[in-house]
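> Input: one structure, supplied below.
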Amino acid sequence: MAGLGLALVIGLACQVRESSDPRSLIEQLGSSRYAEREAAEEALARLGTLAVPSLKMAASSRDLEVRSRAAALLKKIEESVLTQPTLVALDYRDLPLGEVVRSLSERTGMRLVLFPPNQPRWNTDRITLEEPRPLPFWKALDRLCAESRLLPDASQRAPDGREGQAVLLMDRRGRPIFPTCDSGPFRLTLAALEYRRHIGFASDMTEPPMPPAGPRPAQAPPPPRTVATSHFSAQIQLAAEPRLSVTLAGLPLVTEAVDEKGHSLAVPAAGPPQSPVPFNAVRPFARDAASTAFLTTPVPLMRPEEPGKVIKVLRGSIPILAVARQADPLVVPLAGAAGKSFDRGDLHIEIHDIRSGPNDRGRQIDLTARVASGSDAPGADSPATPGSSADLRGPQIEILDAKGQPIPWFRTGMEPEESRLTIGLAGQIAADARELRFYKVSESRVAVPFEFKDLPMP
């Protein structure tokens, strides 16, 4: 009898696996049979992004089992997409460099900017860039740069002053080449190895007390007492694909660091205290409008008394929060918006006031922005999504000018408990603001691994 029950469970699972229709699989999420529900969930997870539209509809189902499983699957799929690299097809033959870069920007949906913009060779150089199969974003960029003597730089703002992420492509001549490694949509660069030794002088508390009265005998001053401290670290830069925003989510972890003599360079657990992560590096809402796709962090190391000349391996991970905008934002025309509310699905914005900034410079927009949590929907009890209360992310807000181009803004005040925010627009660009967009975001906490080998010991 037990064998018959097992065969029935396996048979149900096989039937579910054969189905590739998300809608029928969604129905089976509410099956009375546990094995069928589990198999349907596994099949939907394998479908990945193809199942997302059906899962979004199922997330508001009145069936608690369907609703909870659909919400969990959506989160799992969104997180997996965030940490997978964008694949780029390279099929360019004998085309101007500038045309290839523009095409790659359109193909990937990520801004690639040739800098400086007035270089004649952007139009005169012709390149051929072909690969039999699509490459991950950073590898595709490496192929482009190798073919055209360029160097990518994700650490600077684009020279056109537009808001948003971009990768600058600059002439490689005269610029340093750094060690790099890739992990999914992230590129890690070893920017520097730093070693500093500081000798200070401390007060001496061993001198005997002076006698209470009488002549004082002449005494030579005590010799100086020195205190030596040292600092040894690796400076690592992390650049994400421009579709993502990243913030540091904790301290870097070193899992292996040794020189050619076998000395460990990793700071022991009971070693010197590491510097805490700066407060503004872990806040979910950056001071500037849009979070950045680039960050730099020190990785503390320990230098042996008799170090070798080469760091054979430096391996570890950097914990980050990666955030990406979802499609279909709530669009709010700013003209006449003061005192009005706007809704689109579970997105809500109320514009309380639009006024001149201090000293009549720029503009300020006072607003409340929320994404309805699962508990706000009838019969729902799923957890709140980012932005539902005090969890607003910088990339959720975008301000556009009359040409539809993003313009920079900054936060001037926030009341987290009410999701109320005051944002500022500075200078002349304030008059160009025409539209506000409010996005839902997907996010994932990731420990991004790094590995560098055969480095010079500082």
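No lab work stands behind these numbers, since they all come straight from the coordinates. Keep in mind that this is a model prediction, so the values were computed, not measured. Glycine gets a Cβ as well: all are built from the backbone with ideal geometry, and neighbour counts include every protein chain shown.
> Within straight cross-link reach of Lys312, meaning Cα distance under 24 Å, which lysines are found once same-chain residues fewer than 8 apart are removed?
Lys261, Lys453
> Okay, next question. Would you mind computing the Rg to Rh ratio of the range 22-82 from its alpha-carbon coordinates, Kirkwood style for Rh?
For the range 22-82, the value is 0.93.
> Oh, and also: If I model a spin label as a point 7 Å beyond the Cα along the Cα-Cβ vector, how far apart are those points for Lys261 and Leu95 in nm?
Reported label-point gap for Lys261 and Leu95 is 5.5 nm.
> Skipping prolines and chain starts, which residues have an amide H placed within reach, meaning under 5 Å, of the one on His352, given they are 5 or more residues away or on another chain?
For His352, the qualifying residues are Gly339, Asp366, Leu367, Thr368.
> Considering just Cα atoms, how many Å³ per residue does the convex hull of the range 87-177 enclose? Working shown, then result.
Details: hull volume 8.6 nm³, N = 91.
So the per-residue hull volume is 94 Å³.
> Taking the highest mean first, how do the peptides 434-440, 335-341 order by number of other beta carbon atoms within 10 angstrom per residue?
Descending packing order for the listed peptides: 434-440, 335-341.
> OK, next. Ranked highest first by average number of other Cβ atoms within 10 Å, how do 292-302, 114-124 line up?
292-302, 114-124
> How do the peptides 344-350, 195-201 rank, highest first, by the average count of neighbouring beta carbon atoms within 10 Å per residue?
Per-residue mean Cβ counts within 10 Å order the peptides as 344-350, 195-201.
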